[in-house]
Amino acid sequence: MKKKQAWLAAAVAAALLTGTPSAYAADVSLEDAIQIALAQNTGLLITQKGEDSAEHTLEQAKGSNRVSVDTSANVFKTSKEQGEDWQSSSSLGGISASIPLYTGGANEARIKSGEIGVDAARLTTEREREDLKLSVIKAYYDALEARKTIDVDQESVNNYEAHYTNVSQLYSAGSKAKIDVLRSSVELSNARQQLIKAQNAYEVDLATLRNLLNIDRREPLNLTTDFQYDTFEIGMDDAIDYAYRNRKDLLVDQYTLEQKELSIKQAKAGNIPKLTINGTANPNWGVDWNDGKGSGSPSYSAGIGLSWNIFDSGVTKAEIKEAENQRDIAKLNVLKTKESIDLDLRQAYYNMREAEKRFTSTSDAVGQAEQDYYIAREKYRAGEGLMLDIIDAQLALSTARLNHISAQYDYARYKAQVENEMGIGLNDGERKASGELVTDVKTVLEKSPISADTPATTSAASKTSKASANEAQATVQELAQDKK
């Protein structure tokens, strides 16, 4: 397994570096696809950058509670009084430092809020990983279902082609009417249309999967994981209870509520006196540029300052009310998220059970439809059946097979969605892969299979673009002439 994953990683890396697809299709299991996406997906990287923003916000909050130092200087000053020559000088001003002793709890609340923000950002990233995993599973099974649909539609085309050949021979022998040949031709054309649509759907699903994996968009893929029925034994109530305790986005909302509570404390600090230690060192040293002499004598001072906003025209009061309002909104968001979890999980659970029932009920229908089609075909060949019997039997056979395929992959997708709605986390291999996500933007842009360059807007670039467009148009016209 490790050798297989290493080979896959090497193939993908080669495609990323060369910008060209491999000459062979890479075998990709579902777990491989999930791990590749967790290690390379651009959207996940953007979300993870939120952790850096949260860390920076925390550092700002901590810095507001530390020593701050200011200095000033007159680098060059010139002046002239009436009857005097121009006087030029420079001087070094004072250096002042301050550190807050007591801010009414504002700085402490800001730091605590920043720490909560860091935890919330990490949970947001983790939830994004879970959502990405679900997206990969859905895309993977969509592609598998599309591939199976192609097989069914291709068989339908083959059956209609064989039937059309048979009808044509019977018509030539005089035993069938022309209308049977025409109807058989129409049904064959319709079957081919369905096959074309299925083939296109498969390519679209593969493109979606490649996008999530962030690999070369032309990379041939061979999906090796097929549907396996795996029962889901957890009851709905237990699943909902698990989700309330483990959904990361719900925990983020609860963290946001804590931050809003701290914002109220910060706002109320505006009514509390604040103490600050202040110190200054003033060398009072300068240079007279007219005679080149320096002068000055140092002085030092230190003390504790008290500031108290006695009256601010109701600004602080309004800030407190707004902070309390935002706290109430945060409470409602927690409730709304729980309501959404309840609804989304119930819907996914019901859909999963419905697909499970369809899966078991369609198993026998395929075999029965195959027998029905065989009987209808042989009766028609013997001259005892009708054209409508053949068409109905073929339609029933295709429908039974497609229903069975749809039920299989619906169950697999809805089961994955239920697990996602519950907040079930990544396994060890997936967590290890997520830790390999490249976070350096420059490296990501260099290795991206999609060019990250912005369109040029200069006149020279515009001319180049027009020249390229003209060249492309000439090539199209030349190909059209060759075709004629």
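The values are calculated or read from the model by the stated rules, or taken from the named source; none is laboratory data. Note that this is a predicted model, so its numbers are computed, not measured. With ideal geometry, Cβ positions are generated from the backbone for all residues, glycine too; neighbour counts draw on all protein chains shown. Calculation scope for accessible area: heavy atoms of the full protein, side chains included, ligands and nucleic acids excluded. Shrake-Rupley method; radii C 1.70, N 1.55, O 1.52, S 1.80 Å.
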Exercise for the section: Tell me which residues, restricted to region 176-197, are buried (at least 19 other Cβ atoms within 10 Å of the Cβ) and basic (Lys, Arg). Expected result: Lys176
Exercise for the section: Within region 365-375, identify whether any single residue is within 30 Å of Asn420 (Cα to Cα) and modelled with pLDDT of 85 or more, and answer yes or no. Expected result: no
Exercise for the section: Among the residues of region 348-369, write down those that are exposed (fewer than 15 other Cβ atoms within 10 Å of the Cβ) and acidic (Asp, Glu). Expected result: Glu354, Asp364
Handout entry: Tally, over region 326-342, of residues that are open to solvent by 60 Å² or more (accessible area, probe 1.4 Å), out of contact with any Lys or Arg (no Cβ under 9 Å at 6 or more places or on another chain) and without any contact (Cβ under 8 Å) to a residue 24 or more places away in the chain
Key = 4
Exercise for the section: Go through region 421-470 and give me each residue that's modelled with pLDDT of 85 or more, under 18 Å from the mean Cα position of the chain (by Cα) and of a type in the set (Gly, Ala, Ser). Expected result: Gly423, Gly425, Ala433, Ser434, Gly435
Problem - So Arg110, is it of a type outside the set (A, V, I, L, M, F, W, C), modelled with pLDDT of 90 or more and assigned to a helix (DSSP H, G or I) - result: no
Problem - Selection status of Gly94, modelled with pLDDT under 80, crowded, with 16+ Cβ neighbours inside 10 Å and either within 18 Å of Ala269 (Cβ to Cβ) or out of contact with any Cys (no Cβ under 8 Å at 6 or more places or on another chain) (or both) - result: yes
Handout entry: Unmet requirement for Gly383, which otherwise passes all of (1) of a type outside the set (S, T, N, Q); (2) under 30 Å from Asn158 (Cα atoms); (3) modelled with pLDDT under 80; (4) in a helix (DSSP H, G or I)
Key = (4)
Handout entry: Residue count, region 382-400 (criterion: exposed (fewer than 15 other Cβ atoms within 10 Å of the Cβ) and of a type in the set (D, E, K, R))
Key = 2
Handout entry: Candidate set from region 198-224 (those that are open to solvent by 40 Å² or more (accessible area, probe 1.4 Å) and polar (S, T, N, Q)); member that is farthest from the chain's Cα centre (by Cα)
Key = Gln199
Handout entry: Residues within region 225-244 that are open to solvent by 70 Å² or more (accessible area, probe 1.4 Å) and free of Cβ contacts under 8 Å to residues at least 12 places away in the same chain, tallied
Key = 5
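I need the full set of residues from region 422-440 which are assigned to a helix (DSSP H, G or I) and open to solvent by 20 Å² or more (accessible area, probe 1.4 Å), in order please.
Asp428, Gly429, Arg431, Lys432
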Handout entry: Residues of region 255-275 satisfying the condition of being of a type in the set (S, T, N, Q) and surrounded by fewer than 18 Cβ atoms within 10 Å (Cβ to Cβ)
Key = Asn271
Exercise for the section: For region 200-213, indicate whether the set of residues that are within 27 Å of Leu44 (Cα to Cα), touching a residue at least 60 places away in the same chain (Cβ under 8 Å) and in contact with a Ser or Thr (Cβ under 8 Å, 6 or more places away or on another chain) is non-empty. Expected result: yes
Practice task
Please name all residue pairs, on different chains or six or more residues apart, with Cβ atoms under 6 Å, provided the first residue is in region 50-64 and is touching a residue at least 24 places away in the same chain (Cβ under 8 Å) and under 11 Å from Glu108 (Cα atoms) and the second residue is open to solvent by less than 40 Å² (accessible area, probe 1.4 Å) and among the polar types (S, T, N, Q).
Solution key: Ser64/Asn107
Exercise for the section: Read through the list (1) within 22 Å of Val152 (Cβ to Cβ); (2) surrounded by 20 or more Cβ atoms within 10 Å (Cβ to Cβ), then give the number of the only condition that Leu345 fails. Expected result: (1)
Problem - Answer residue from region 28-43, given it is part of a helix (DSSP H, G or I) and more than 19 Å from Ala207 (Cβ to Cβ) and is farthest from the chain's Cα centre (by Cα) among those - result: Glu31
